[in-house]
1. How do the peptides 99-106, 290-297, 616-623, 202-209 rank, highest first, by the average count of neighbouring beta carbon atoms within 10 Å per residue?
2. List, in the order given, every pair from LYS443/LYS491; LYS358/LYS388; LYS226/LYS254; LYS40/LYS614; LYS134/LYS242 whose Cα-Cα distance in the structure shown is over 26 Å.
3. Roughly how big is segment 4-77's charge dipole about its Cα centre, with Cβ charges of +1 (Lys, Arg) and -1 (Asp, Glu), in debye to the nearest 20?
4. Treating cross-link reach as a plain straight distance, find the aspartates and glutamates whose alpha-carbon is under 17 Å from the alpha-carbon of LYS5, omitting any fewer than eight places away in the same chain.
5. Relative to the Cα centre, what is the charge dipole magnitude of the chain, using +1 at the beta carbon of each Lys and Arg, -1 at the beta carbon of each Asp and Glu, and rounding to the nearest 20 debye?
6. Give me the net charge of THR471's neighbourhood, meaning all other residues with Cβ under 13 Å from the Cβ of THR471; Lys, Arg count +1, Asp, Glu -1.
7. GluC sites (Glu not before Pro) within segment 63-92: which are DSSP loop residues with at most 14 other Cβ atoms inside 10 Å?
8. What order do you get for 660-670, 381-391, 329-339 when each peptide is scored by the mean count of other beta carbon atoms within 10 Å, highest first?
Amino acid sequence: MNKIKIRIDQKEFSGNAGDTILKVAQENRISIPTLCHNDKISPTTSCFVCVVKDVKTGRFLPSCSATITEGMEIESDSTEVFEMRQAALNLLLSEHGGDCEAPCTIACPAHAQVEEYVRAGKNGMTLEALKIIKKRIPLPMSIGRVCPRFCEKDCRRNVIDPGQPVAINEFKRTSADIHFENYLEELPELSAPKVAIIGAGPAGYAAAYYLRLDGIGSEIFERLEKPGGMLRYGIPEYRLPKAIVDKEYAHLEKMGGITMHYNQELGKNLQLDQLKKKYDAVILTIGSWKPGPMYAEGEDLALGGIHWLEMIARNGWTGENPGKTIVVGGGNTAMDCVRTAVRLGSNEVWCYYRRTEKEMPAEAIEIQEAKEEGVQFKFLSAPVKVEKKGHRLAITFQEMKLGEPDASGRRRPVPIEGSEYTVEADTIIAAIGQQTIPPEGAKVNRWKDIDANRKNYHMEDNVFAAGDCVTGPATVVEAVAAGRIAALGVKAYLEGNEYQEPYTINVTRGLWQSLKKEDLVYLTAPVERTREALEFISLYDRKTSFKEVTLSFTVDQLKKEGERCLECSCTDKSTCKLKKHAETYLASPDGILGVKESYNADTRHPAILLDRNKCIKCGTCVKICKEVVNKSLLGFGNRGFETNIITAFGESLPDSCADCGECIENCPTGALGWKIKS
């Protein structure tokens, strides 16, 4: 048989008459993406993702069905072809609905695999859960206690049991409590480069941790006498025992290649220029330790919230009774201050906030627990003056009313003329916020935080920066997420590259489903179940000691709580071809906007889920059922834009389909899937 010669990307190949361009390419290890092509069935040519360009004619051809001709010249890897494939994927995504990933993972700043570690905990596999958690959260004992639970706010269990999301934090906390001290990652040998990390807070910890996972050693320089940053000196003992912090920081020493230096402060006994010369790279994780201003006359008479907490922490969480205490502010630091004052013996503690309780940025549970401990609240009051009055202090407030929303989305407080009033107190604490003190010469943004590239946290030369000093005051989980990216940025820099986080469609461009109860798709019928309750120590102990307020879940509690998880990520997220190609070609669900049809998922079969929202109408399932299984249980219904896959006579798929599963195994997306996840 005479061979037909063609050229693909300027290289000559040959094939037989009737061969498709795709077949010749695959035989010669040239990668062309496909969605609807399947060797088991006749060509469907429906998705156009396998498009290539015929150089001589200028036409774009579907390589899965276009046959080769003598002398044909094909482009399979050019800018034009890339853009055509991207356009085809954008078109498919414009009709594709549902999430790739669960909303909890999308909401987590570290994008931890929440559903996976909850499932492991549900099955009693707490060590496996810890391994999954530490891929993105290297401080699970601390974060399991103090994280504000971004994940839980978007948990779909809220739809079934309003206000009772899965207790996700407890899976981190309990799994880590059980295994953290005895677990050690598989670590590569250390390479030659050495990195200096300035600051031993959460971002610095994460940077050192993830560098070590890649075989890169580091030296951490900390201005205080112990490591932990805000974990140790900003979060009270009753929320996060410092024995927990000690255990987590001991892990860095156990990993090897990480050295800690204390009482080393940038700008004093530590100079950035010298560090830049001595080390291959430097990462600044210096935090935001300057208290924010109240913008009130005489405010220097008030204590800064974070400085006051640091003072108490350095004294072993003991101190004098602050007497009548007024804390100004509405965030978590303000709640830490009022609750600490209670524990130091004050029998009158007030929190004043310029908006209403609804607008307070503090976590609702923190506010509730403060109230239980006797803290009193005064809202719609802004400080205007602090002054001495004998042996006490006096603070003047002005009453406020809420106006139009500001940049934060909260209604702006507006002063009410002539409404000033004065209150006396023994201690006044300003917990308005925190600011960064950047190193001399560092480029800063308009908020006076360090200006670094948020894609890789590169600042300048061989210097990187991450954490609060870049973002402004944030949370521990946000700090460790930034520390990880900084570590990856440094690794790429040492290799002569520039790191960019891989495009991930399920995180950066989440295909969010509605949170309406009727729109949700369930793998199993949802059952209303009450959230497992945390066990609190007695209220007396809460008010008179710094003992940890709550106990960790037991393994049995984790198992019960894990049963509440709806497992709402796509059943095919790890193997979905549409997701894979969309990420390769930077396709976007917003690339082509228009009306997106919504379908109710067919859940009638006991084991199989048919979710038409995820169907790309490639017809693979129809042909597999007809041409391979010799059945006609699936077909196309309607015409045009409303075309979708239907079952024979509109009936449920037969129970016997559970023994076959060919349509599921060959579906390129998660439109057909098994209800039960392994």
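1. On the way: 99-106: 24.1, 290-297: 17.4, 616-623: 22.5, 202-209: 31.1.
Per-residue mean Cβ counts within 10 Å order the peptides as 202-209, 99-106, 616-623, 290-297.
2. Working: LYS443/LYS491 23 Å; LYS358/LYS388 32 Å; LYS226/LYS254 17 Å; LYS40/LYS614 22 Å; LYS134/LYS242 20 Å.
From the list (LYS443/LYS491; LYS358/LYS388; LYS226/LYS254; LYS40/LYS614; LYS134/LYS242), the Cα-Cα distance tops 26 Å for LYS358/LYS388.
3. Values: 9 positive and 10 negative charges, 15 e Å.
Dipole size: approximately 80 debye.
4. Filter leaves ASP19, GLU27, ASP54, GLU70, GLU73, GLU75.
5. On the way: 88 positive and 94 negative charges, 71 e Å.
With only Lys, Arg, Asp and Glu charged at Cβ, the dipole is about 340 debye.
6. Once all neighbours under 13 Å are counted, the net charge is -2.
7. Numbers: sites: GLU70, GLU73, GLU75, GLU80, GLU83; in loops: GLU70.
Listed in order of number, the matching sites are GLU70.
8. On the way: 660-670: 20.4, 381-391: 15.5, 329-339: 26.2.
Output ranking for 660-670, 381-391, 329-339: 329-339, 660-670, 381-391.
All of the numbers you see were taken from the coordinates with simple rules; none came from a lab. As the structure is a prediction and not an experimental result, all values here were calculated from the model. Please note: Cβ atoms are built from the backbone with ideal geometry, for glycine as well, and neighbour counts cover all protein chains shown.
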